[in-house]
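I have placed the structure first, in the form of structure tokens, so that the comments after it can refer back to it.
The values are calculated or read from the model by the stated rules, or taken from the named source; none is laboratory data. Small disclaimer: the values here were computed from a predicted structure and weren't measured. Neighbour counts are summed over all protein chains in view; Cβ atoms, including those assigned to glycine, are modelled from backbone coordinates with ideal geometry. Surface areas here come from the heavy atoms of the whole protein model, side chains and all, with no ligands, DNA or RNA. Shrake-Rupley method; radii C 1.70, N 1.55, O 1.52, S 1.80 Å.
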Amino acid sequence: TILIVAGCEDGPTEPDVVEVTAETRAKIGQMVMVGFRGTEIADTNQIISAIDTLNIGGVVLYEYDVPSGSRPRNISSPSQLSQLVADLQSYAETPLLVGIDQEGGFVNRLKESYGFPATVSAQHLGEVDNADTTAFWAGQCATTLQEMGINLNFAPVVDLNVNPACPVIGAYERSFSANSSIVTKHSAIWIREHRNKGVLTCIKHFPGHGSSTTDSHNSMVDVTETWSATELEPYYNLIDSGLVDMAMTAHVYNLNIDPTYPATLSDAFINGMLRTDIGYGGVIISDDMQMGAIDDYYGFYTAIERAINAGIDILIFSNNSGQYNSNIAEDAVEAIIWLVEEGEIPISRVDESYDRIMALKASL
């Protein structure tokens with residue numbers, strides 16, 4: 001326990017003790033979402049203790065293991081996957097958010113080769129621009145997730161296709177359109193079809209990644225010269241319509257808005273722009289904290305402290321880039337606990353995030 005001594009002109013005062021109780025530890029656990037290896041629950045799998053002991057809030061599933069360059073990671077067939085998800089939930093006192101990037105097209109974890117239905121890309125749907133077509137594909141996606149027990153889809157992408165050559169958005173056909181009204185229209189359909197099946201969605205990547213010329217998986221991304229406020233329009237529209245379950249931040253720099261930090265670590269972007277200006281009060285989740293744009297430039301503790309104080313509620317550690325760390329959940333939870341004990345993160349921030357997360361889970 002760390003003592004923080006507050007001085008004042010009236011003489012010495014009682015020191016404040018920042019004590020992290022078991023209750024606060026459990027709340028901190030809910031702020032962490034991790035990736036792990038394994039297609040089935042084995043007693044040696046550290047994800048069990050992360051759920052059971054650390055009370056982590058969620059897991060993220062992948063079909064390909066980047067560090068080892070191999071398959072399968074978590075997904076090999078519909079029957080296997082539904083069993084894995086059920087087993088994971090059986091260890092959770094508070095139901096887990098089980099997340100996946102199932103956008104369709106190139107970004108598609110549930111592949112036909114594993115026995116799942118075909119998908120199409122967001123770009124294809126935007127080009128067809130037919131509400132019934134989008135509803136069909138979104139509904140099929142949501143039904144598949146529901147059948148698997150997956151309750152959170154990290155989609156739709158609401159980035160505008162400003163730069164069709166963008167190596168992380170345009171090149172993979174992940175954006176519906178360069179036109180914000182088309183993006184809003186098809187995103188709204190996508191979200192409603194998922195809600196019909198009890199599956200949460202997550203709009204991404206705030207404040208817009210579609211104009212970038214580099215990939216934040218690999219390095220720092222600076223959109224100062226390419227980004228425009230038009231890229232915020234889908235956020236305003238969807239948030240105003242009450243359609244946003246969760247929003248994901250991008251690891252992009254815009255020196256005109258924050259000369260020091262990328263959006264995920266930026267008070268100006270998150271508390272300022274997304275919370276205050278746009279008026280979003282729901283859950284904000286980081287993009288993967290282990291991506292190059294964060295990991296290569298900021299220490300583990302600094303990145304966590306900045307993100308939480310900027311207004312992030314859930315931190316994703318995909319454990320699917322660079323080195324695999326079987327203790328990532330414990331490392332992340334212990335880091336947040338330490339930062340709270342040190343007075344670097346106020347307990348009130350933990351309470352705020354916990355309340356938002358619990359409200360979201362109550363909607364499932």
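Over the Cα atoms of the range 131-278, what radius of gyration and what Dmax do you get, in Å?
Taking only Cα atoms of the range 131-278, I get Rg and Dmax of 15.1, 45 Å.
What is the distance in Å between the Cα centres of the range 37-60 and the range 98-116?
Using only Cα atoms, the two centres lie 22 Å from each other.
Assigning unit charges at the beta carbon (Lys, Arg +1; Asp, Glu -1) and nothing else, what dipole magnitude in debye, to the nearest 20, does the range 231-364 show about its Cα centre?
It works out to roughly 220 debye.
For the range 304-364, what is the convex hull (Cα atoms) projected area averaged across all directions, in square nanometres?
Mean shadow area of the hull around the Cα atoms is 5.0 nm².
At a probe size of 1.4 Å, how large is the accessible area of Glu127, to the nearest 10 Å²?
130
Give me the 1.4 Å probe accessible area per residue for the chain, excluding ligands and nucleic acids, in Å².
39
Rank His209, His186, His124 by mean-square fluctuation in a GNM of the chain with C-alpha springs under 10 angstrom and give only the top-ranked residue.
Result for the chain, Cα springs under 10 Å: His124 fluctuates most.
Identify all lysines with a Cα-Cα distance to Lys185 below 20 Å; exclude those on the same chain that are fewer than 8 residues away in sequence.
Candidates past the 8-residue exclusion: Lys197, Lys204.
At 1.002 mPa s and 20 °C, plugging the Kirkwood radius over alpha-carbon pairs of the range 259-308 into Stokes-Einstein gives what diffusion coefficient in µm²/s?
188
Around Ser241, with a cut-off of 14 angstrom between Cβ atoms, what is the net charge of the other residues, counting Lys and Arg +1 and Asp and Glu -1?
It works out to a net charge of 0.
Starting at 0 and stepping by 10 Å, how many percent of the alpha carbon pairs of the range 246-364 end up in each bin?
13, 46, 35, 6
Checking a compactness column here: for the range 10-117, what do you get for Rg(Cα) / (2.2 N^0.38 Å), N being the number of residues?
My calculation over the Cα atoms of the range 10-117 gives 1.43.
To the nearest whole percent, what portion of all C-alpha pairs in the chain is separated by more than 35 angstrom?
20
Based on alpha-carbon positions alone, could you give the equivalent ellipsoid semi-axes of the range 117-202 from the gyration tensor, as √(5λ), descending, whole Å?
They are 22, 13, 11 Å, listed from largest to smallest.
What is the sum of charges around Thr213, taking Lys and Arg as +1, Asp and Glu as -1, for the other residues whose C-beta is under 14 Å from the C-beta of Thr213?
Surrounding charge for Thr213 is -4.
Run the 1.4 Å probe and let me know the accessible area of Phe300, rounded to the nearest 10 Å².
Approximately 70 Å² for this residue.
Hey, what number do you get for the chain at 222 nm if only DSSP H runs of n ≥ 4 count, each worth -39500 (n - 2.57), divided across all residues, to the nearest 500?
-10500 deg cm²/dmol
Please express the Cα-Cα pair-distance distribution P(r) of the range 130-173 as a list of whole percents, one per 5 Å bin, running from 0 to the bin with the greatest distance.
Reading the bins upward from 0: 5, 19, 19, 18, 20, 14, 5, 1.
What Kirkwood Rh does the range 181-233 have if only Cα atoms enter the pairwise 1/r average? Answer in Å.
The answer is 13.0 Å.
I'd like the Kirkwood hydrodynamic radius of the range 199-303, using the inverse of the mean 1/r over distinct C-alpha pairs, in Å.
13.8
The range 241-286: Rg/Rh from Cα coordinates, Kirkwood Rh?
So for the range 241-286, dividing Rg by the Kirkwood Rh gives 0.98.
Binning at 10 Å from 0, report for the range 86-158 what percent of all alpha-carbon pair distances ends up in each bin.
The percentages, shortest bin first, are 18, 49, 25, 8, 1.
Roughly what % of Cα-Cα distances in the range 63-105 sit above 14 Å, to the whole percent?
The share of Cα pairs beyond 14 Å in the range 63-105 comes to 60 percent.
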